[in-house]
Amino acid sequence: MAQIKKIILLIGVMLMSICHVSAETTFINPIEDGEVVREFDAEKGYKRIAISNDDIKNAEVLVSCDGKVKNIDKRLNGTYDVTITHEDGYITMYIDMGKVNFEVGSEVKQGDVLGKVSDNMKYLEFVIIKDNKRLENTKDLITEK
């Protein structure tokens, strides 16, 4: 009987390793050729990074990771903050966008054009959130395409 239990346990472990493929969540830079121009610095009140490039006024904002548009808030200054939920409990926020191409509830894919940076901004503010905490290492989580 003990031998049968060991065999069943071994088969279960083998099936779990075959059936469970863990895809690591990856994020791309939401601004093509974008560089971080302001770091995350909670002490200074910067709870998100700022990303810019040489042509930020015409920059498209790319979806950083597959997900679903959870919220679009219109700010008093006329810009939009977009929140996208992702697998593994991640959330991304794109702050001060001028145009948004999707609606709440839309499924989005990594690299989709989410919209454009606001005309009156010199950068896009961006943050990755996990377990309701803004991640200080947002910059480090962005990988190359």
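One residue stands out in the stretch 113-145 among those that are over 20 Å from Asp96 (Cα atoms) and not basic (Lys, Arg): the one that is nearest to the chain's Cα centre (by Cα), namely Leu141. For the stretch 25-80, a tally of residues being among the polar types (S, T, N, Q) and in a strand (DSSP E or B) returns 2.
Please verify whether Asp96 is without any contact (Cβ under 8 Å) to a residue 40 or more places away in the chain and buried (at least 18 other Cβ atoms within 10 Å of the Cβ), treating the condition exactly as stated. Criteria met by Asp96.
Within the stretch 14-33, the residues that satisfy the criterion of being out of contact with any helix residue (DSSP H, G or I) (no Cβ under 7 Å at 6 or more places or on another chain), at pLDDT below 95 and surrounded by 10 or more Cβ atoms within 10 Å (Cβ to Cβ) are Met14, Leu15, Thr26, Glu32, Asp33. If you check Asp88, Asp66 for being out of contact with any helix residue (DSSP H, G or I) (no Cβ under 8 Å at 6 or more places or on another chain), over 16 Å from Glu35 (Cα atoms) and among the acidic types (Asp, Glu), only one passes: Asp88. Across the stretch 60-78, the number of residues qualifying as crowded, with 19+ Cβ neighbours inside 10 Å and not hydrophobic (A, V, I, L, M, F, W, C) comes to 2.
The values are calculated or read from the model by the stated rules, or taken from the named source; none is laboratory data. These figures come from a predicted structure and were not determined experimentally. A quick note on method: Cβ atoms are made from the backbone with ideal geometry, for glycine too, and the neighbour counts reach across all protein chains shown.
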